[in-house]
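The values are calculated or read from the model by the stated rules, or taken from the named source; none is laboratory data. Only a predicted model underlies this, so the values are computations on that prediction, with no experimental measurement involved. Every residue, glycine as well, gets a Cβ built from its backbone with ideal geometry; the counts of neighbours run over all protein chains shown. SASA here: full protein model, heavy atoms, side chains in, ligands and nucleic acids out. Shrake-Rupley method; radii C 1.70, N 1.55, O 1.52, S 1.80 Å.
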Amino acid sequence: MAKIPVGVLGATGMVGQQYIALLSDHPWFETRYVAASPRSAGKKYACASAGRWHLPQTYSPPVGELVLEDANDVSKALDAAKRGDCAFVFSALEMGKEETARLELAYAAAGIPVVSNASAHRWTEDVPMLIAEINPQHTDVIPIQRKNRGWDKGFIAVKPNCSIQSYMIPLYALLKAGYTIDRIIVSTLQAVSGAGYPGVPSLNVIDNVVPYIGGEEEKTEREPLKILGALRDRGIEAASAPRISAHCNRVPVINGHTACVSMEFGGKKPSIEEIKHIWASFTGAPQELDLPTAPRRPIHIRGEEDRPQPRKDRDADKGMAVTVGRLRPCQVFDIRFAALSHNTIRGAAGGGILNAELLKAKGFLD
Ligand code: NAP
């Protein structure tokens, strides 16, 4: 199968670099178009990313030779599409929310599908916010999106905030098994790479914990409800439960967001052993469709009393699995546990690529 040529918007950033690295040996997709801010436009990728490349792995030489375009100029991506170099784009842009929203709409209106990491369209009613193991059926909103907007080829699909995948996949596994979760209290311990590059000043975070990340608690509390929502005529209607209260903290960890979760069930309550069994056997559409980036087991369970830990567990199944541990009764709610996921892989570029694989498997990227 010939590889699908893709573009990466924001290719020089923390998430963009992760896209470039993960796509370098991807069996379906190949990076053939890169774009970033006007500051980087006109430079070869190797030159623009020199001195700020963060990853242990590198990219293939042809990617280093690609000349960055200004991501604000959709006509450049259209030219690339006409040359056969850009069938769709991954968006890893960090700019104003309204600017990002307008720009992503412009790409989609021009016929270039956008698989985005940005928050700009997460609450747009007819845009699916996907965690491929949880709500793959929300891709059914794409024909509605196209109809609402008069598009025939373009569309926007987004992934949620990086703080929520670690515990949403385990929580969803319990919902799928028939349990009801009424209330959740979650405290997140979020890595500095979650703030992009250069991100949090070192003097603010080394030897410190910052109990505030702008906008993060609202996203952590609200986004799960859209993911668990129902498809309606004009788009997706958010669910009304569970109620979530979040405390989001920035911690001096480079990669890997941890979440400490207490949950209260409605009705029947599972035992610890049942929960372990449900998590260990959980799979979703990515595993059933055998998508290339799908972790073989989405949820890894650690039995040690001091796991999961970012340094030891963030790379589980190439950074695509979430790791849970410390599963125990809660003295206030019913059950508590700790969960961890790699924020720039599962929570960003890897999750975006998995979404694109799902969209391809469902025929939206043909
Ligand atoms: P980042 O490291 O700051 O990178 C930002 C990228 O956007 C760079 O390529 C930058 O290009 C480009 N950019 C900045 N201003 C621009 C402009 N005015 N016009 C066009 N391009 C512009 O940020 P990041 O952490 O990779 O985050 C990227 C997106 O992913 C954000 O929307 C973020 O919320 C989301 N996200 C991040 C994470 C994470 O863990 N970091 C997780 C999930 C989602 P230059 O290099 O040329 O400045």
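Between 338, 316, the distinction of being closer than 27 Å to residue 30 by Cβ and touching a strand residue (DSSP E or B) at 6+ places or on another chain (Cβ under 8 Å) belongs to 316 only.
If you go through the stretch 232-249 and keep only what is surrounded by 15 or more Cβ atoms within 10 Å (Cβ to Cβ) and in a strand (DSSP E or B), you end up with 236, 244, 246, 247, 248, 249. Within the stretch 39-46, does at least one residue satisfy the condition of being touching a residue at least 12 places away in the same chain (Cβ under 8 Å), closer than 15 Å to residue 87 by Cα and either more than 15 Å from the ligand (Cβ to nearest atom) or in the same structural domain as residue 111 (by TED's automatic domain parsing) (or both)? There is no residue in the stretch 39-46 that is touching a residue at least 12 places away in the same chain (Cβ under 8 Å), closer than 15 Å to residue 87 by Cα and either more than 15 Å from the ligand (Cβ to nearest atom) or in the same structural domain as residue 111 (by TED's automatic domain parsing) (or both).
Regarding residue 141, is this residue modelled with pLDDT under 95 and among the aliphatic types (A, V, I, L, M)? For residue 141, the condition - modelled with pLDDT under 95 and among the aliphatic types (A, V, I, L, M) - is not met.
Before we move on, is residue 111 at positive phi, in a loop (DSSP other than H, G, I, E, B) and either buried (at least 17 other Cβ atoms within 10 Å of the Cβ) or within 13 Å of the ligand (Cβ to nearest atom) (or both)? Give the derivation first.
Working: at positive phi: yes; in a loop (DSSP other than H, G, I, E, B): yes; either buried (at least 17 other Cβ atoms within 10 Å of the Cβ) or within 13 Å of the ligand (Cβ to nearest atom) (or both): no.
When the stated conditions are applied, residue 111 does not pass them.
Within the set 225, 175, 203, the sole residue that is modelled with pLDDT of 95 or more, open to solvent by 70 Å² or more (accessible area, probe 1.4 Å) and in a helix (DSSP H, G or I) turns out to be 203. Would you check if residue 92 is in the same structural domain as residue 154 (by TED's automatic domain parsing) and either among the β-branched types (Val, Ile, Thr) or near the ligand (Cβ under 8 Å from one of its atoms) (or both)? Yes: the conditions hold for residue 92.
Scanning the stretch 43-78 for residues that are open to solvent by 50 Å² or more (accessible area, probe 1.4 Å) and out of contact with any strand residue (DSSP E or B) (no Cβ under 9 Å at 6 or more places or on another chain) turns up 47, 50, 51, 52, 53, 54, 56, 57, 58, 61, 75, 78.
Among the criteria (1) touching a residue at least 24 places away in the same chain (Cβ under 8 Å); (2) assigned to a helix (DSSP H, G or I); (3) open to solvent by 20 Å² or more (accessible area, probe 1.4 Å), the one residue 98 does not fulfil is (1). Examine the stretch 54-71 for a residue that is over 26 Å from residue 361 (Cα atoms), among the acidic types (Asp, Glu) and within 14 Å of the ligand (Cβ to nearest atom), and state whether such a residue exists. Yes: one or more hits.
Can you give me the number of residues within the stretch 2-12 that are closer than 13 Å to residue 63 by Cα, open to solvent by less than 10 Å² (accessible area, probe 1.4 Å) and part of a strand (DSSP E or B)? Looking only at that region, the number is 3. Scan the stretch 158-172 residue by residue and report those that are in a loop (DSSP other than H, G, I, E, B) and either of a type outside the set (D, E, K, R) or open to solvent by 10 Å² or more (accessible area, probe 1.4 Å) (or both). Listed by number, the residues that qualify are 160, 161, 162, 163, 164. Selection of the stretch 308-366 for residues being out of contact with any Gly (no Cβ under 9 Å at 6 or more places or on another chain), surrounded by 24 or more Cβ atoms within 10 Å (Cβ to Cβ) and of a type in the set (Val, Ile, Thr) yields 322, 323, 324, 353. Residues in the stretch 13-38 that are open to solvent by less than 40 Å² (accessible area, probe 1.4 Å) and either more than 14 Å from the ligand (Cβ to nearest atom) or of a type outside the set (Gly, Ala, Ser) (or both): 14, 15, 17, 18, 19, 20, 23, 26, 29, 31, 33, 34.
Could you go through the stretch 264-273 and let me know if any residue there is in contact with a helix residue (DSSP H, G or I) (Cβ under 9 Å, 6 or more places away or on another chain), open to solvent by 10 Å² or more (accessible area, probe 1.4 Å) and either among the basic types (Lys, Arg) or closer than 20 Å to residue 308 by Cβ (or both). No, the conditions are met nowhere in the stretch 264-273.
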